[in-house]
Amino acid sequence: MSDSPVPANPAPPPQPAAAGGAPILSVRDLAIRFRTADGTVTAAADVGFDIRAGEIVGLVGESGSGKSQILMSLMGLLASNGHASGSAVFRGEEILNAPARRLDALRGASMSMIFQDPMTSLNPYLRVSTQLVEVLERHRGMTRAEAMAQALAIMESVRIPDAARRIRLYPHEFSGGMRQRVMIAMALLCRPALLLADEPTTALDVTVQAQILELIADLARSIGTAVLFVTHDLGVVARLCDRVIVLYGGRIMESGEATDIFGDPKHPYTRGLIDSTPRLDERSHGELRTIPGQPRAAQLAPMGCPFEPRCPHRVVRCRTERPAPQEAGLRQLACHEVRL
Ligand SMILES: Nc1ncnc2c1ncn2[C@@H]1O[C@H](COP(=O)(O)OP(=O)(O)OP(=O)(O)O)[C@@H](O)[C@H]1O
Ligand code: SF4
Ligand SMILES: [Mg+2]
């Protein structure tokens, strides 16, 4: 028997993070555009990163910086006026704009997503037990009794008290925090190789949000699932993530190992974020506060550095020339004025 809190099932568990192992997900030149009545909105551009098995990667940036749309494009769930270009290779297979049937087979089985709003992935008209059992019957070919036993075990592993009774409830009968836990149970049910986790709804208080993110990280580590984590809570990122990607105006400003980024932030935007976060120690919740100036809509920054209007270090060319990404080891930085 495994000592993992998530019950065993016939799927081979993903390999734990091996130093220098092949990436489980490789994203290159990802751009996301939406057609609107006012023209094209570019929600993300030139986005590239790798995630290895078992790694937890935090995606941070202010509201509107493109975090959710990056996750949605990887799952093939962009709104109908949206289009993604570039490449996203998951376990050797191109998934960006892959056929709907193929994405259906991957979603929920080898890659899954936790949404900002739990009701996005829960059916309000079905009991939680029915929803969990159906996934296991469909993706794992289990009998009803096997699926029910496993569904109950996963409810217990996400620490839902009195799981045997509550599993028979409908989603609306759970509190906000408990509903998030049900969604985590649903997302991890098939021990996915990759989990895309958008932050829990902001309706939850910060302590509950942080607990939920910690729970996701614990479970993911125990089953070797790679996680791409969206959150506003820099304290959680500093505590839980192996690597961090800092997004601004749909572009990556800086990325690298969490200890390097928090120990020695280089990009003026990252420095602004960290400086405006009260305390990043063990107990605090480092809510990502805004820094002076308004975020610039990506569609208004066709050239130059998106952070230019708010940057205390800007020089003339920042307005017209996009900084080329500098790379050193696992660290990346896009800035004219700061060197790695
Ligand atoms: N269907 C759509 N049509 C037009 N623009 C859209 C659509 N969906 C998203 N956008 C735009 O894409 C940009 C990025 O949105 P996204 O939801 O990824 O932001 P976010 O970083 O997740 O923000 P938050 O922290 O508030 O969740 C925003 O400017 C948003 O208005
Ligand atoms: S490229 Fe220029 S505007 Fe952008 S962060 Fe660097 S110094 Fe600031
Ligand atoms: Mg979002």
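The values are calculated or read from the model by the stated rules, or taken from the named source; none is laboratory data. Note that this is a predicted model, so its numbers are computed, not measured. Here the Cβ is made from the backbone with ideal geometry for all residues, glycine too, and neighbour counts use every protein chain on show. Surface accessibility is based on the protein's heavy atoms, side chains included, excluding ligands, DNA and RNA. Shrake-Rupley method; radii C 1.70, N 1.55, O 1.52, S 1.80 Å.
Points to keep in mind about this one:
- Pick from region 85-127, criterion among the basic types (Lys, Arg) and closer than 23 Å to Gly54 by Cα, ranking: least open to solvent (accessible area, probe 1.4 Å): Arg107
- Among the residues listed as Met253, Met303, the single one being surrounded by 24 or more Cβ atoms within 10 Å (Cβ to Cβ) and either in a strand (DSSP E or B) or at pLDDT below 95 (or both): Met253
- Among the residues of region 231-251, those identified as within 23 Å of Cys335 (Cα to Cα) and of a type in the set (Val, Ile, Thr) are Val237, Val244, Ile245, Val246.
- Any hit, region 232-248, residues being at pLDDT 65 or above, open to solvent by less than 30 Å² (accessible area, probe 1.4 Å), more than 30 Å from Cys190 (Cβ to Cβ) and acidic (Asp, Glu): no
- Subset of region 157-169 (residues that are within 19 Å of Met119 (Cα to Cα), open to solvent by less than 70 Å² (accessible area, probe 1.4 Å) and not in a helix (DSSP H, G or I)): Val158, Ile160, Ile167, Leu169
- Which listed residue, of Ala109, Ala88, is in contact with a helix residue (DSSP H, G or I) (Cβ under 8 Å, 6 or more places away or on another chain) and at pLDDT 95 or above: Ala88
- Among the residues of region 58-79, the ones that are under 26 Å from Asp260 (Cα atoms) and more than 16 Å from ligand 3 (Cβ to nearest atom) come to 0 in all.
- The set of residues from region 136-145 being open to solvent by 30 Å² or more (accessible area, probe 1.4 Å), assigned to a helix (DSSP H, G or I) and either among the β-branched types (Val, Ile, Thr) or within 17 Å of Ala109 (Cα to Cα) (or both) comprises Glu137, Arg138, His139, Arg140.
- Yes/no for Arg33 being among the basic types (Lys, Arg), more than 16 Å from ligand 2 (Cβ to nearest atom) and closer than 22 Å to Met253 by Cα: yes
- Going through (1) free of Cβ contacts under 8 Å to residues at least 12 places away in the same chain; (2) among the aliphatic types (A, V, I, L, M); (3) in contact with a Pro (Cβ under 8 Å, 6 or more places away or on another chain) one by one, Met111 falls short only on (1).
- Looking only at residues of region 59-81 that are assigned to a helix (DSSP H, G or I) and within 12 Å of Phe115 (Cα to Cα), we find that the one that is farthest from ligand 2 (Cβ to nearest atom) is Met75.
- Subset of region 112-139 (residues that are modelled with pLDDT under 90 and among the basic types (Lys, Arg)): Arg138
- Only one of Ile154, Ile95 that is under 28 Å from Val57 (Cβ atoms) and at pLDDT 95 or above: Ile95
- Filtered by the rule that a residue be open to solvent by 30 Å² or more (accessible area, probe 1.4 Å) and among the hydroxyl-bearing types (Ser, Thr, Tyr), region 43-67 gives a lone residue, Ser63.
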